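Q: Below: one structure in structure tokens.
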Amino acid sequence: MTATAAEQNDLAPRGPHAQRWLILGVICLAQLTVLLDNTVLNVAIPSLTAELHASTADVQWMINAYSLVQSGLLLTAGSASDRYGRRKMLVAGLALFGVGSLVAGLAQTSGQLIAARAGMGVGGALLITTTLAVVVQIFDDTERVKAIGIWSTVSSLGFAAGPLIGGAMLNHFWWGAIFLVNIPVAVIGLVAVLRLVPESKNPRGDRPDLVGALLSTLGMTAVVYAIISGPEHGWGSGQVLLTAFTGAAVLTGFVLWELHVPYPMLDMRFFRDRRFTGAVAGAVLVAFGMTGSLFLLTQHLQFVLGYEPLEAGLRTAPLALTVVLLNLTGLGARLVPRMGTPATIATGMFLLSAGLGAIALLAGRGYGGMLLGLVVMGAGIALAMPAMANAIMSAIPPERAGVGAGVNGMLAEFGNGLGVAVLGAVLNSRFAALVPAAAGAASLPAALAAADGTADRQRVTDAFASGLETSQLAGAAAVLAGGLLAAALLRRAERTGRG
């Protein structure tokens, strides 16, 4: 069904909204709540194990049910917001997230909590995609980069603040409080969205691509599950390889279906736009470098430098704080018009790579070198991420903003998992090469426990530190190469006038 001219006029973007900054604050609050739930549960594991009599497998599913459902539904959620209305999907996401939080906070068994977390994942997928789509709708070209910068700042803040907030709450309340605190936020968000956020959707009214939605959901879920289970079961295990192969095969089927269906959920012609493909490549590698490096850094701080978990969390906070401060001051938004998108992204990726290199080469001398690297990384992320998100969203027609947000979210999830998987594999390979006797140990603590004497334990620790250095340098090289590739593609797109 095609919309009438009057309907298209009602639903199309009308430039900057009068209350756009207030609306941005509301959706950023909702976004922060979703992102906190990605990390806040980690600190509650001891309490959950004791009070719900949860097994190790139960705890893993409590954590993974949320991220699996959320990542698998991102593209479908974005497409649904384009078709049925972004405000409707934002309301639905807040409602599902609030109800899921209530059920999770009052759960009496592990099964109830796992089911509640899966329901929260559905709400989270709707919120992550719809919030970015709304930002694109209510801000014009002159303010959009700054607005996206503030929106992306929430990701860094949520990643850093989750364990700290969770730990502080668990010191005063029982574990269910980390979920129940979401409810007033969801209620406030619902009221604000209904009062402030204008409705917008794709006026064409294309038929829903149900097969594409099913294939993208199953494929992404399988790929993310393989990445999550890899460290536990081993990357060469039959379970991981079979799941990864299944996910890749299903996603290949998704691409083939989208190429031939007359109403695709994701129009593959977007990838012919060099601006889009350049931003895609850069976005994956920014997430790769940031998440992979933080995965390694927490191990370095605890296993090599001897900090407690809370102390380690506090010492990684300068990365997020740098991103927050630079984005709130609008540095990236001011540089994009002056330097251009390709140069801004290249500069940001170079700084991210330099920060990773500084950590690799200087962290062994103490926390000072690591602090320098974290600040430089934060500066790079603050420049590159908003510019790339804006490039992705600008390359997609405004009426498909939800799909663009879904693609952006999928790239972040894929890059996050890839960073942990690849850099973790480099670390383990180097560690096993230096200490062959410890190759069968499941972790550094296990290798230390099996060590014979002080000298042997020091050799194991030194080998682990060397593995961390090698993996950080590998990450730095990958990020730098990705930055150069993204900048080259974007520059070429500008010269040819595409996008």
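The values are calculated or read from the model by the stated rules, or taken from the named source; none is laboratory data. As the structure is a computational prediction, the values presented were derived from the model and not from experiment. Quick reminder, even Gly has a Cβ in these numbers, built from the backbone with ideal geometry, and neighbours come from all protein chains shown. What goes into the accessible areas is simple: the full protein's heavy atoms, side chains included, and nothing from ligands, DNA or RNA. Shrake-Rupley method; radii C 1.70, N 1.55, O 1.52, S 1.80 Å.
Q: Of all residues in segment 193-212, which are open to solvent by 20 Å² or more (accessible area, probe 1.4 Å), among the aliphatic types (A, V, I, L, M) and modelled with pLDDT under 85?
A: Scanning segment 193-212 gives Leu196, Leu210.
Q: Then there is this: Being aliphatic (A, V, I, L, M), open to solvent by 40 Å² or more (accessible area, probe 1.4 Å) and outside any helix (DSSP H, G or I), is that true of even one residue in segment 292-310?
A: Among the residues of segment 292-310, at least one is aliphatic (A, V, I, L, M), open to solvent by 40 Å² or more (accessible area, probe 1.4 Å) and outside any helix (DSSP H, G or I), which makes the answer yes.
Q: Just need a number here: residues in segment 64-85 that are out of contact with any Lys or Arg (no Cβ under 6 Å at 6 or more places or on another chain) and outside any helix (DSSP H, G or I).
A: Adding up the residues that qualify gives 0.
Q: Name the residues in segment 226-245 that are surrounded by 17 or more Cβ atoms within 10 Å (Cβ to Cβ) and modelled with pLDDT of 80 or more, would you?
A: Listed by number, the residues that qualify are Ala226, Val240, Thr243, Ala244.
Q: Let me ask another. Tally up the residues in segment 105-127 that are over 26 Å from Gly406 (Cα atoms) and hydrophobic (A, V, I, L, M, F, W, C), please.
A: 3
Q: Right, another one. Taking segment 144-174, which residues are open to solvent by 10 Å² or more (accessible area, probe 1.4 Å), at pLDDT 75 or above and either within 26 Å of Thr316 (Cα to Cα) or not in a helix (DSSP H, G or I) (or both)?
A: Lys146, Ile150, Trp151, Val154, His172, Phe173, Trp174
Q: Do you know which of the residues in segment 47-58 that are more than 15 Å from Ala118 (Cβ to Cβ) and part of a helix (DSSP H, G or I) is least open to solvent (accessible area, probe 1.4 Å)?
A: So, considering only residues that are more than 15 Å from Ala118 (Cβ to Cβ) and part of a helix (DSSP H, G or I), the one least open to solvent (accessible area, probe 1.4 Å) is Leu48.
Q: Does segment 356-363 contain any residue that is touching a residue at least 60 places away in the same chain (Cβ under 8 Å) and under 27 Å from Leu132 (Cβ atoms)?
A: Checked segment 356-363: at least one residue is touching a residue at least 60 places away in the same chain (Cβ under 8 Å) and under 27 Å from Leu132 (Cβ atoms).
Q: Could you tell me whether any residue of segment 386-397 is part of a helix (DSSP H, G or I), farther than 20 Å from Ala133 by Cβ and not charged (D, E, K, R)?
A: no
Q: Might you let me know whether segment 121-143 holds any residue that is of a type in the set (Gly, Ala, Ser), open to solvent by 10 Å² or more (accessible area, probe 1.4 Å) and either within 19 Å of Met385 (Cβ to Cβ) or assigned to a helix (DSSP H, G or I) (or both)?
A: Within segment 121-143, not a single residue is of a type in the set (Gly, Ala, Ser), open to solvent by 10 Å² or more (accessible area, probe 1.4 Å) and either within 19 Å of Met385 (Cβ to Cβ) or assigned to a helix (DSSP H, G or I) (or both).
Q: Go through (1) open to solvent by 40 Å² or more (accessible area, probe 1.4 Å); (2) in contact with a Leu (Cβ under 6 Å, 6 or more places away or on another chain) for Ser110 and report which single condition fails.
A: (1)
Q: Another question, then. Pick out the one residue from Asp58, Asp10, Asp82 that is acidic (Asp, Glu) and modelled with pLDDT of 80 or more.
A: The conditions single out Asp82.
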